[in-house]
Amino acid sequence: MKPKTTLKARALRYLSIREYSPKELARKLSSYVEEGDDLVTLMEWLQKQGFLSEERFAEAFVRKRSARYGSGRVLRELEMHGVDEKTLDEAKGVMSENEFDRALGVWRKKFGSKPADASEKAKQIRFLMQRGFTGDIIRRVLNREEHD
């Protein structure tokens, strides 16, 4: 018979695979809490020991998602993961540094050439908006290509 996995062991196994936000990990572990387990204490211990870090989670998340998405979408997703305002502001600062270049890269990969007509331009604008880029960035991307 296989020994029962403790809540602490389960948390460490999850964290060895990838970074989690505290809210996300607590939600994932909550279904495994049994009598005698203290999820709040475990979460505090994981943070004190450095196994669980909201800042590290946000950095990894931004690194992974910002190559394909604009800061608007990435920040909304971070909010859904329960990341605090201070960490969101830091992530926003990091992403704003190269927002135009990322939007241009996404646009080039999908379309590669300037829109032929108004319908095509609207399609390209919608695509970039769905990816979370702002109207100003989208305008700059499309205008830059129109003048190249």
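Given (1) more than 30 Å from Leu142 (Cα to Cα); (2) in contact with a Leu (Cβ under 7 Å, 6 or more places away or on another chain), identify the lone condition not met by Phe57.
(2)
Take the residues in the stretch 111-140 that are in contact (Cβ under 8 Å) with a residue 60 or more places away in the chain and not in a helix (DSSP H, G or I), then tell me which one is surrounded by the most Cβ atoms within 10 Å (Cβ to Cβ).
Here the answer is Phe133.
Determine whether the stretch 68-77 contains at least one residue that is in a loop (DSSP other than H, G, I, E, B), hydroxyl-bearing (Ser, Thr, Tyr), in contact with a Lys or Arg (Cβ under 6 Å, 6 or more places away or on another chain) and buried (at least 16 other Cβ atoms within 10 Å of the Cβ).
Yes, the stretch 68-77 contains at least one residue that is in a loop (DSSP other than H, G, I, E, B), hydroxyl-bearing (Ser, Thr, Tyr), in contact with a Lys or Arg (Cβ under 6 Å, 6 or more places away or on another chain) and buried (at least 16 other Cβ atoms within 10 Å of the Cβ).
Scanning the stretch 38-58 for residues that are of a type outside the set (Phe, Trp, Tyr) and open to solvent by less than 30 Å² (accessible area, probe 1.4 Å), which turns out nearest to Val94 (Cα to Cα)?
The extreme case among them is Ala58.
Exactly one condition in (1) at pLDDT 95 or above; (2) more than 21 Å from the chain's Cα centre (by Cα); (3) aromatic (Phe, Trp, Tyr) is false for Tyr14; which is it?
For Tyr14, the exception is condition (2).
Right, Arg108: open to solvent by 90 Å² or more (accessible area, probe 1.4 Å), modelled with pLDDT of 95 or more, in a helix (DSSP H, G or I) and not aliphatic (A, V, I, L, M) or not?
So Arg108 does not fit the description; no.
In the set Tyr32, Tyr14, Tyr69, which member is in contact (Cβ under 8 Å) with a residue 60 or more places away in the chain and not charged (D, E, K, R)?
Result: Tyr69 is the single residue among Tyr32, Tyr14, Tyr69 that is in contact (Cβ under 8 Å) with a residue 60 or more places away in the chain and not charged (D, E, K, R).
Step by step: first the residues of the stretch 7-37, then only those that are in a loop (DSSP other than H, G, I, E, B) and in contact with a His (Cβ under 9 Å, 6 or more places away or on another chain), then the one that is least open to solvent (accessible area, probe 1.4 Å). Which residue is that?
Only one residue fits best here, namely Ser21.
The values are calculated or read from the model by the stated rules, or taken from the named source; none is laboratory data. As the structure is a prediction and not an experimental result, all values here were calculated from the model. We place every Cβ from the backbone using ideal geometry, glycine too, and count neighbours over all the protein chains shown. Each accessible area value is taken on the protein alone, full model and side chains, heavy atoms only, with ligands, DNA and RNA left out. Shrake-Rupley method; radii C 1.70, N 1.55, O 1.52, S 1.80 Å.
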